[in-house]
Each structure stands twice: as C-alpha cells, then as structure tokens.
Amino acid sequence: MLSAPMLRGDDVADLQRSLNHLGFDCGRPDGIFGPAAGRALFDFQRNSGLTADGVCGTQTVRTLRLVSRQSGSGPGVASIREAESVRAPAAVSGLRIVVGQFGGLSSIARSLSHALREHGATVMSTDEYEAQAQAAAANRFGADAYIGFGARTDQFSVVSYFAVPSFESIGGRSLAVRIVDELDGVLDTRPDLNGMRLPVLRETRMPAVLCSVGPVRRVVDRTNLLTEAIARAVSAWSENPLLSPDQPDN
C-alpha cells in the first residue's frame, strides 16, 4: 500500500533486497517504498498464497524470511536488470546526460555540459539545492548517466557511486573508476573511489556519480583540465559501460 509521502528507511531497503533476491523486481534497493516496491510486494504475496494487499505485515515478513532462507544466493534481479540496461555500447553522441552541482562549482558544470554537447550528447544541467530534486530531474529527463559536483574545503577528492552491502550500481562504478583514473594528476591528489548511499545516487534510476572536489578556488582554476578529463572518462565509459579499466575485456 503506497502512502504520501512514500515510506523510507532501512527496513524498506531490506524488504527491497529480499524481494529482488527472490526475483520480484523492486529496482535498486534505495530504501523508498515506491510503485515498483509496491508491485513487487503485491506479486510476492499473490505468488505465496497470502492476502495480496501490498502491506508488509507479520505474516508477509515471516513468509519472506522463510522463502529467502530456501532460495540460496545470487546477484538478485536488480543487479541483473541494471547490467542488461547498460550492456550495449554507445557513442557519446547517443547519450542523454545530466550534469548537476551543489554550489560553488557552476563554472565546472557549465564547462562539462558544453564539452559533452560538442561531442554530440544531449545534456541537461541542474543546480537544484536539494539532491532529491536533482535526482527527480534526471529521472524525468530519461538520462543515461548523471554526473554531479560537490565542493569540499580540503584538497582531498572523492568520486562516489551508489552501493549498499547487497547491491552496487555496476554502470555507476564503471564510470566512477574511469573518472578517478582521468582525474589522477589533474587534482592535488588522486581521488578516492567510494560506493555510498547518498541521496542523489540512491534516487537516480541511471548510473550516477558524484565528484566531491576541492578546495573550490584551486579546482575552479583547473576547470579546463578537469572538463577534458571527465569528458574522456565519459567517452571511454560509453564504449563499454560495464567494464572497469582494471578488468579484462573478454
């Protein structure tokens, strides 16, 4: 049963992971009980002989735990679905990309948007203050990828993609790895690669990365170099969105 606002939290994420594992597709386990989770729960109840009301009550939880224990291990339907959705290589000119920033880095976001458009990509820029608003805009746009920028006060940078203990965005990690490699030598230090459950990464439906870089003045001074590096990363990613540079290309 859906509610407004939608239910959120770790319990919802656990439910999504369990349903995905059993083959009832909730999408990525983002901790938000949206329409996909509601349909998956309803289908599970119907297939298990329970009252199909979309409410995760005591009997549903008990049955879900029992069936999960009997189902073995595996990547889960969400991981498989994402792999299938980004499997086909494409040129940058065929991509729809959203570039966002969360304050202080608008010049970098504009520069990258311009560079990607010159490569033929269809690009939308957003500087909405709230991460959920940027994610919603990217979802409405039907983006193939989201690249966001956040400012740090120190010289250490982090490139993040969506990951939780039982799931990681394969396409997001692949793009993040390439960006880290390209930014090595452009920034003061090599960026860290980090799988995180940040709101803008959790709520986007496409591969997404957030580049947290700083200090702002020094990063802005290197706008051109940073833009060229990330554009190269996107180009390489578009050719094989599931392959990280440290993996063999079979």
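The values are calculated or read from the model by the stated rules, or taken from the named source; none is laboratory data. Source: prediction; values computed, not measured. Note: ideal-geometry Cβ built from the backbone for every residue, glycine included; neighbour counts use all protein chains shown.
Output the residues belonging to region 169-192 that are in contact (Cβ under 8 Å) with a residue 40 or more places away in the chain and of a type outside the set (A, V, I, L, M, F, W, C). Full working, then the answer.
Filtering region 169-192 for residues in contact (Cβ under 8 Å) with a residue 40 or more places away in the chain gives 169-171, 173-175, 177-179, 181-183, 186.
Within region 169-192, 169, 171, 173, 174, 178, 181, 182 meet the criteria.
Of everything in region 116-155 that is touching a Lys or Arg at 6+ places or on another chain (Cβ under 6 Å) and among the β-branched types (Val, Ile, Thr), the residue that is nearest to residue 186 (Cα to Cα) is 123.
Let's see how each residue does on (1) of a type in the set (Gly, Ala, Ser); (2) surrounded by 13 or more Cβ atoms within 10 Å (Cβ to Cβ); (3) modelled with pLDDT of 75 or more:
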{"position": "43", "(1), (2), (3)": "no, yes, yes"}
{"position": "51", "(1), (2), (3)": "no, no, yes"}
{"position": "63", "(1), (2), (3)": "no, yes, yes"}
{"position": "68", "(1), (2), (3)": "yes, yes, no"}
{"position": "94", "(1), (2), (3)": "yes, yes, yes"}
{"position": "99", "(1), (2), (3)": "no, yes, yes"}
{"position": "104", "(1), (2), (3)": "yes, yes, yes"}
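Might you let me know whether region 214-225 holds any residue that is within 16 Å of residue 175 (Cα to Cα) and either outside any loop (DSSP other than H, G, I, E, B) or modelled with pLDDT under 90 (or both)? Scanning region 214-225 turns up no residue that is within 16 Å of residue 175 (Cα to Cα) and either outside any loop (DSSP other than H, G, I, E, B) or modelled with pLDDT under 90 (or both).
Against the list (1) surrounded by 23 or more Cβ atoms within 10 Å (Cβ to Cβ); (2) in contact with a Phe, Trp or Tyr (Cβ under 9 Å, 6 or more places away or on another chain), the condition residue 192 fails is (1).
Looking for whichever is of a type in the set (A, V, I, L, M), touching a strand residue (DSSP E or B) at 6+ places or on another chain (Cβ under 9 Å), in contact (Cβ under 8 Å) with a residue 60 or more places away in the chain and over 19 Å from residue 228 (Cα atoms) here; the options are 133, 137, 143. Which one fits? Answer to the selection: 143. When region 169-201 is filtered for residues that are touching a strand residue (DSSP E or B) at 6+ places or on another chain (Cβ under 6 Å), part of a helix (DSSP H, G or I) and of a type in the set (Lys, Arg), only 173 remains. Would you be able to tell me the number of residues in region 155-167 that are touching a residue at least 60 places away in the same chain (Cβ under 8 Å) and in a strand (DSSP E or B)? Residues that pass the stated criteria total 3. Considering only residues that are in contact with a helix residue (DSSP H, G or I) (Cβ under 6 Å, 6 or more places away or on another chain) and under 16 Å from residue 197 (Cα atoms), look in region 17-32 and name the one that is modelled with the highest pLDDT. Per the stated criteria, the residue is 31.
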